[in-house]
Amino acid sequence: MTAPLHETSAAESTTAVDDVPEGPAKVIQGRSPGQIAWTRLKRDKLALAGGAIVLFLVLVAIFAPVIVGLLGHPPDEFHEDQIDPLFGTPVGSWGGISSDFLFGVEPVNGRDVFSRIVYGARISLLVAFLAAVFAVLLGTVLGIIAGYFGGWIDAALSRVMDVMLAFPQLLFTIALVSVLPNELLGISGSGVRIGALVVVIGFFGWPYVGRIVRGQTLSLREREYVEAARSLGAGRLYILRRELLPNLVAPITVYATLMIPTNILTEAALSFLGAGVKPPTASWGQMLSTAIATYEADPLFMVIPGLAIFITVLAFNLFGDGVRDALDPKGSR
């Protein structure tokens, strides 16, 4: 006799349940925004390659004396024996490249190009990083104040940003550096020029950061968590520091990584025009300016510093684009 249908179904269900293997339940763990961003960044091979080059350049700049001591010669040391006395060009082919001079020697004076490229990385990265930090700090403070308080404060700071963006930065920098004394505030020599470049480049760069921060703050100040903090009696300083600023870290970080290559190009342009560090301090832009007089006889002397600037700026741009995509909550990567 056939069993009732409901009894058969119940038996099959019991058997199916009994057949399920017992084991530890799988725990689903959430991921923080930082972990999600790092996962996205790891998928971007170009960004990782750019980051690796950036890290390599930073290490080269930090350990420049060690690297030059092992692979090169002092950057200010002349090697007249490597120069043709008749034409003033390096002895040998390819700009005098050899096992002793990895990138050749400079025409006329015979200084080691490799050593000057390594020490030039110090100047370019130092000016670019410090100017970016200065611009980010000033732009963040003024931008968040303008966006949160609004009213006449926002109007006044916005007009200041417009004036700063319209100001001829390059001409002003050249005019300022040309009248700087050789010693200022206990700093002498190229230190005065480096300090002036950092202040001027950073001062003219803060309006770009300020505009971004102001726009983001205008949006964030109307969010529910800000209204909740305000209704609970939180002060303005607390809201700015604890509610708004943490949510501005991502756009500020992205813009800072993209500002550094721009600062590198600005420093190289100013050094090329003679408004950068003073000789004999090495600078990539200064090397390009020197190479103009001898590029026909020794084109490699112009190519090497040009490639150094190109690779550095490209690496920072690739890494900055990757960071921007990784921190974008609406991104698909």
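The values are calculated or read from the model by the stated rules, or taken from the named source; none is laboratory data. Just so you know, these numbers come straight off a predicted model, no measurement behind them. Here Cβ is always computed from backbone atoms with ideal geometry, including for glycine, and neighbour counts include all displayed protein chains. In case anyone asks, the SASA skips ligands and DNA or RNA and just uses the protein heavy atoms, side chains included. Shrake-Rupley method; radii C 1.70, N 1.55, O 1.52, S 1.80 Å.
This model, with +1 at the C-beta of Lys and Arg and -1 at the C-beta of Asp and Glu, gives the chain a dipole about its Cα centre of some 1200 debye. Rounded to the nearest 20 debye, the dipole size of segment 91-247 about its Cα centre is 360 debye, using +1 on the Cβ of Lys and Arg and -1 on the Cβ of Asp and Glu. Based on Cα atoms of segment 218-315, Rg over Rh with Rh as the Kirkwood radius reads 1.36. Using R0 = 22 Å, the C-beta based FRET efficiency linking Tyr295 and Leu265 works out to 0.65. Of the residues Gly139, Gly120, Gly191, the one that moves most in a GNM of the chain with alpha-carbon contacts below 10 Å is Gly191.
Between Val91 and Leu171, the modelled labels are 5.0 nm apart [label points 7 Å from Cα along Cα→Cβ].
Placing Trp206, Trp152 in order of accessible area, with the largest value first and a 1.4 Å probe, yields Trp152, Trp206. Overall, the anisotropy analysis places segment 115-176 in the oblate class: the square-rooted eigenvalues a ≥ b ≥ c of its C-alpha gyration tensor yield a/c not less than 1.5, with a/b not exceeding b/c.
Surface composition of the chain: carbon plus sulfur atoms contribute 67% of the solvent-accessible area (1.4 Å probe, protein chains only, all chains present). Stokes-Einstein at 20 °C, 1.002 mPa s, Kirkwood radius from Cα pairs: D for segment 32-186 in µm² s⁻¹? This corresponds to a translational diffusion coefficient of 105 µm²/s. Per residue, the accessible area of the chain comes to 56 Å² when a 1.4 Å probe rolls over the protein heavy atoms.
Spatial offset of segment 260-299 relative to segment 94-158 amounts to 13 Å, using the alpha carbon center of each.
If you build a Gaussian network model of the chain, linking Cα atoms that sit under 10 Å apart, which residue out of Leu126, Leu138, Leu237 swings the most? In the Gaussian network model the winner is Leu237.
Hey, with R₀ at 51 Å, roughly what FRET efficiency would Leu102 and Phe149 work out to, going by the Cβ-Cβ distance, to 0.05? Calculated value: 0.35.
Comparing Pro305, Pro65, Pro246 in a Gaussian network model of the chain where C-alpha atoms under 10 Å apart are linked, the largest mean-square fluctuation is found at Pro246. Measuring only protein heavy atoms, the 1.4 Å probe finds Arg324 accessible over about 110 Å². Principal axis extents of the C-alpha atoms in segment 47-107 (largest first, rounded to whole Å): 48, 22, 17.
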